[in-house]
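I have placed the structure first, in the form of structure tokens, so that the comments after it can refer back to it.
Read-outs: derived from the displayed coordinates by stated rules, not from any lab. Everything numeric here is computed off the predicted structure, so don't read it as measured data. Note: ideal-geometry Cβ built from the backbone for every residue, glycine included; neighbour counts use all protein chains shown.
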Amino acid sequence: MKAAELFVRCLENEGVEAVFGIPGEENVDIMDVLLDSSIRFITTRHEQGAAFMADVYGRLTGRAGVCLATLGPGATNLVTGVADANMDHAPVVAISGQSATTRMHKESHQHLDLVNLFRPISKYRTQVIEPETIPEVVRKAFKEAQAEKPGVSFIDLPENVAKMDVPGKSPLLVQKPMQPIAPAEKIAEAAALISTAKYPLIMAGNGVIRARAAGQLVRFAEKLNIPVANTFMAKGVMPFSHPLWLGAVGLQARDFVACGFDRADVIISVGYDMVEYHPHLWHADKEKQIVHIDGAPAEVDEHYIPAVEVVGNIGVSLDAMAARARPQETFPAALWQAIMNELSEHADDPGFPVKPQRLVWDLQRVLAARCIVICDVGAHKMWMARMYQPERPNTCIISNGFSSMGIAVPGAVAAKLAFPNQTVAAVTGDAGFMMNSQEIETALRIGTPMVIVIWNDGGYGLIAWHQLRRFGRPSYADFSNPDFVKYAESFGAKGYRVRAADELVPILRQAIADDTVAVIDCPVDYSENMKLTERLGKLVCPV
Ligand SMILES: Cc1ncc(C[n+]2csc(CCOP(=O)(O)OP(=O)(O)O)c2C)c(N)n1
Ligand SMILES: [Mg+2]
């Protein structure tokens, strides 16, 4: 067998359904073998698009998404999406071609030391030097990428190695990763601490979703009558309407949910990734007791010194503690009511350009119950993160570790590929949209319908917001846009323009019914950004 063929057999053995990428001269052997494989190759229009597709595929399925590029510029184009996946703990295996081992020691066309380039943005990285190591390399790459906390494995396959013969080798047995159970004495210690708490608060992070433990989290909260705040990346662990839900945490500014943190004496942090929200922002005084429930030991931070660490399978830990701890008698109802009032403000505001609050509400009305939403990065993300709450976990993807713009459109392609029966929407700023809008062509070619909602402010809204806060004036944050309707139509997609606030919901419904790629250009009123800053600056806690 040729090394390239053995490599592809190993990918099939891992259950890989799709590889996202761009062919190049140094990966032609793999590309040719893929023609005779069960794996579907998704040709993208930029390697960054391929990496973001693998990233979102990995987040949604828990199985490593796979992207492939050629050496040099192909591999460097993967970098942003790969870094995003690694920092956000999404399982991804990234593969690149490489120059022949006979020319790596000297200045050589397109040659870069890729293993070193990918070092800070991967959990595991290696170059295949001997073809007989391929089964071990591929197995290890998937095992590392998928093990808690997940991340990226990078494999560099030199062109001469890909052509070599490897007799007598076959893929290795894939073993399911084992998540150990937390020790009983730690469960007992944590349950005792929770039982004596006066005002406990649960902070649920993305680890809950990765562990598929949202059901256990809700049972735990309900049984013990403890309110829940979720990070941006844990959206949907509890639905909006749940009487124990206190909103999302992660906004750098003080928000209502911060009142819940102020008041709490015990924070029960479940599946929390520190990369999402610095502990000093919610635990400045270092006086609370922290119960750390996770699949991995706590990261070190002077503001995050757990009183108890319950490390092991999250769902099992939650069930075991729910059975042992004493339920709370009271609940901060006034705070819950204040948060609900705040989040519902402007839900029906008729103003135009559309207010961000109205935009989120309309998305919530149409999408929250039945869609997968991929959110981009910008001011729109802050509004979505603060206000949008889907009914189910893993149905609102937000990049909040690396927080890279450009994830939404390619991410939506991968989401639709992974879940063809679900409606998929990309919610994006005008700048982030233009960073990877070329993947509209990919979506139309491979047949992944999606709705793309562009928040059009003609600028880098989040940066202007920040500049206004710091300096009172924006700096170089404006630009002009193409006509997004015509732009969409030039690909063969549908294009819509919102001309009044009341048009958004019917346009959204029509765009879903179109069952193709539909782009909605929605002008947004970002004068609300500073109004929010001012309002939160004067926030008086209702508890
Ligand atoms: C790739 C990348 N470049 C730059 C940034 C810094 N950044 C964060 S938000 C933002 C502006 C986003 O503009 P847009 O997509 O239009 O969204 P808006 O803020 O206007 O809603 C920038 C430049 C980033 N996060 N990612
Ligand atoms: Mg913008």
Worksheet item: Among the residues of the stretch 363-398 satisfying the criterion of being more than 16 Å from ligand 1 (Cβ to nearest atom) and touching a helix residue (DSSP H, G or I) at 6+ places or on another chain (Cβ under 6 Å), which is nearest to Asn456 (Cα to Cα)?
Response: Val366
Discussion item. Give all pairs with beta carbons closer than 7 Å in which a residue from the stretch 57-81 that is more than 26 Å from Val174 (Cα to Cα) and touching a residue at least 12 places away in the same chain (Cβ under 8 Å) meets a residue that is within 16 Å of ligand 1 (Cβ to nearest atom) and not in a helix (DSSP H, G or I); count only pairs at least 6 apart in sequence or on separate chains.
Written reply: Asn77/His46; Thr80/Ser404
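What are the residues in the stretch 137-163 that are part of a helix (DSSP H, G or I) and farther than 18 Å from Gly15 by Cβ, if any?
To start, the set of residues in the stretch 137-163 that are part of a helix (DSSP H, G or I) comprises 137-146, 159-163.
If the condition is that a residue be part of a helix (DSSP H, G or I) and farther than 18 Å from Gly15 by Cβ, then Glu159, Asn160, Val161, Ala162, Lys163 are the ones that fit.
Residue by residue, here is whether (1) among the aromatic types (Phe, Trp, Tyr); (2) surrounded by 20 or more Cβ atoms within 10 Å (Cβ to Cβ); (3) under 30 Å from His242 (Cα atoms) holds:
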| site | (1), (2), (3) |
| --- | --- |
| Pro167 | no, no, no |
| Ile181 | no, no, yes |
| Ala184 | no, no, no |
| Ala191 | no, yes, yes |
| Ile194 | no, yes, yes |
| Ala204 | no, yes, yes |
| Gly215 | no, no, yes |
| Glu222 | no, no, yes |
Worksheet item: Could you list, in sequence order, the residues of the stretch 66-112 that are surrounded by fewer than 24 Cβ atoms within 10 Å (Cβ to Cβ) and either among the acidic types (Asp, Glu) or in contact with a His (Cβ under 8 Å, 6 or more places away or on another chain) (or both)?
Response: Gly72, Asn77, Ser99, Arg103, Met104, Glu107
Worksheet item: Which residues, taken from the stretch 200-253, are touching a residue at least 60 places away in the same chain (Cβ under 8 Å), closer than 23 Å to Cys371 by Cβ and among the β-branched types (Val, Ile, Thr)?
Response: Val208, Ile209, Thr231, Val237
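Given Ile397, Ile407, which one is under 12 Å from the mean Cα position of the chain (by Cα) and away from ligand 2 (no atom under 16 Å from the Cβ)? Before the answer, list the steps.
Working: Ile407 fails: away from ligand 2 (no atom under 16 Å from the Cβ).
That would be Ile397, the only listed residue that is under 12 Å from the mean Cα position of the chain (by Cα) and away from ligand 2 (no atom under 16 Å from the Cβ).
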Worksheet entry | Of all residues in the stretch 404-447 being part of a loop (DSSP other than H, G, I, E, B) and in contact (Cβ under 8 Å) with a residue 40 or more places away in the chain, the one that is surrounded by the most Cβ atoms within 10 Å (Cβ to Cβ) | Ile407
Practice prompt. Inspect the stretch 190-209 for any residue being in a loop (DSSP other than H, G, I, E, B) and on the phi > 0 side of the Ramachandran plot and give the result as yes or no.
Written response: no
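From the residues in the stretch 456-474 that are assigned to a loop (DSSP other than H, G, I, E, B) and over 30 Å from Val485 (Cα atoms), which one is farthest from ligand 2 (Cβ to nearest atom)?
Residues of the stretch 456-474 assigned to a loop (DSSP other than H, G, I, E, B): 457-458, 460, 472-474.
Imposing the further condition that a residue be over 30 Å from Val485 (Cα atoms) reduces the set to 472-473.
Details: Gly472: 20, Arg473: 17 Å.
Checking each candidate, the answer is Gly472.
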